[in-house]
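Q: First the structure, then my questions, so here it is.
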């Protein structure tokens, strides 16, 4: 039987590369990898379902799943995770603590971005600052004219407007027109050393470690989706993909932890791996539903409360049924 030739749109991550290199096989599949940035993958996936298998925004996927309108079905593989204390950038001459954001104007590229859902959840759960207590403005981070990828029906207590067509969040923050930005990428004015722009949490790593110690949440950003029509024709495909992507991730972790020669071009990797193991455990990037259930429940609670999902989803609803449980030998 010939293998399925399937396109895979995903970031060029070490946790995926073993499949592209042929060290790990997806049963019955001949993969064609397309290494792309998340913004391009998400745009093409949700507009035209261009990929057979692809990385998807957890938030966008949840919006579409709650509306029963998603061309993809996910498996519990999480290509991207990040502690989003790094996603809140402020005018440090005005904002000294999370409480200072009340009544202020906060820019964002899109309301529904996964990073923004998590950042708003952190502000509310840990600091008591609710989304309804801020004024929101949408614009492209560095390029004007960005709009929401998905139509939203937000709660009436959310005050959000669109910036002028020629405005960018970066310029507005640098000029003091807004007080803060929540976004998955840093504005260039901060990277270029603007004296009055910085992180809300000055020591983002310490803040994230304290957050994890309390919550046991290492936020998921992206899931892996498979085109729904493809799964209907080949019901074995979700489990085959889950097995392969899990094996590739496990191999990447093993290689990263090998102290004999660094696998990445960065010093102190051995120490970073040791810190991750101490904080999170031997598998510091877990796949599967049960290992991430409490995290997904928190995300989906905030996702619904923030006006993004039409109903509050259960974690099981996100994934193909064949991948919710696993076999044992």
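Every read-out reported here was derived from the displayed coordinates using simple, explicitly stated rules and does not represent laboratory data. Being a predicted model, the structure only gives us computed values, none of them experimental. Because the Cβ atoms are built from the backbone with ideal geometry, glycine has one as well, and the counts that use them run over all protein chains shown.
Q: Mind sorting 143, 34 by how few other Cβ atoms lie within 10 Å of their own Cβ, fewest first?
A: Least crowded to most crowded, the residues run 143, 34.
Q: Do you know the relative contact order of segment 1-142, to the nearest whole percent, from alpha carbon pairs under 8 angstrom that are 6+ apart?
A: Reported relative contact order: 20 percent.
Q: Between the helical axis of 38-48 and the dominant principal axis of the chain, each derived from Cα atoms, what acute angle in degrees is found, rounded to the nearest 10?
A: 70
Q: When DSSP assigns beta bridges and you keep just the ones with both residues in the chain, what percent turn out antiparallel, to the nearest 5?
A: 45
Q: Roughly what % of DSSP beta bridges within segment 84-215 run antiparallel, to the nearest 5?
A: Antiparallel: roughly 40 percent of the beta bridges in segment 84-215.
Q: Enter the angle in degrees (range 0 to 90, nearest 10) between the Cα long axis of helix 114-127 and the first principal axis of the Cα atoms of the chain, meaning the one along which they spread out most.
A: Roughly 60 degrees between the two axes.
Q: For segment 185-218 and segment 22-37, write down the distance between their C-alpha centroids in whole Å.
A: About 34 Å separates the Cα centre of segment 185-218 from the one of segment 22-37.
Q: Can you give the angle from 0 to 90° between the axis of helix 269-279 and the longest principal axis of the chain, with both taken from C-alpha atoms, to the nearest 10?
A: Taking the Cα atoms of the chain, the angle to 269-279 is about 80 degrees.
Q: Assuming R0 = 35 Å, can you tell me the calculated FRET efficiency for the pair residue 21 and residue 69, based on Cβ-Cβ distance, to the nearest 0.05?
A: Plugging the Cβ-Cβ distance into 1/(1 + (r/R0)^6) gives 0.45.
Q: Select from 294, 302, 234 the residue whose mean-square fluctuation is largest in a Gaussian network model of the chain (Cα-Cα springs shorter than 10 Å).
A: 234
Q: Would you mind ranking 24, 106, 264, 273 by Cβ crowding within 10 Å, fewest neighbours first?
A: Placing the least packed residue first, the sequence is 264, 273, 24, 106.
Q: Helix-derived [θ] at 222 nm for the chain: sum -39500 (n - 2.57) over DSSP H runs of at least 4, divide by residue count, nearest 500?
A: That comes out to -10000 deg cm²/dmol.
Q: Neighbour counts of other C-beta atoms within 10 Å: give me 263, 243 arranged from fewest to most.
A: 263, 243
Q: What distance in nm separates the simple spin-label points at residue 250 and residue 130, each placed 7 Å from Cα in the Cβ direction?
A: Those two pseudo-labels are separated by 4.6 nm.
Q: Would you mind calculating the gained length between residue 291 and residue 157 on full extension (0.36 nm times residue separation, minus the Cα-Cα distance), in nm to one decimal? Show your work: numbers first, answer last.
A: On the way: separation 134, 0.36 × 134 = 48.24 nm, distance 3.45 nm.
Using 0.36 nm per residue and subtracting the Cα-Cα distance, I get 44.8 nm.
Q: Calculate the FRET efficiency for residue 262 and residue 175 from the Cβ-Cβ distance with a Förster distance of 45 Å, rounded to the nearest 0.05.
A: For residue 262 and residue 175, the calculated efficiency is 0.60.
Q: For the chain, modelled as a Gaussian network with Cα springs under 10 Å, which listed residue fluctuates most, 43, 78, 51?
A: 43
Q: Stretch residue 12-residue 97 to full length: gain in nm at 0.36 nm per residue minus the Cα-Cα span?
A: Once the chain is fully extended between residue 12 and residue 97, it gains 27.0 nm.
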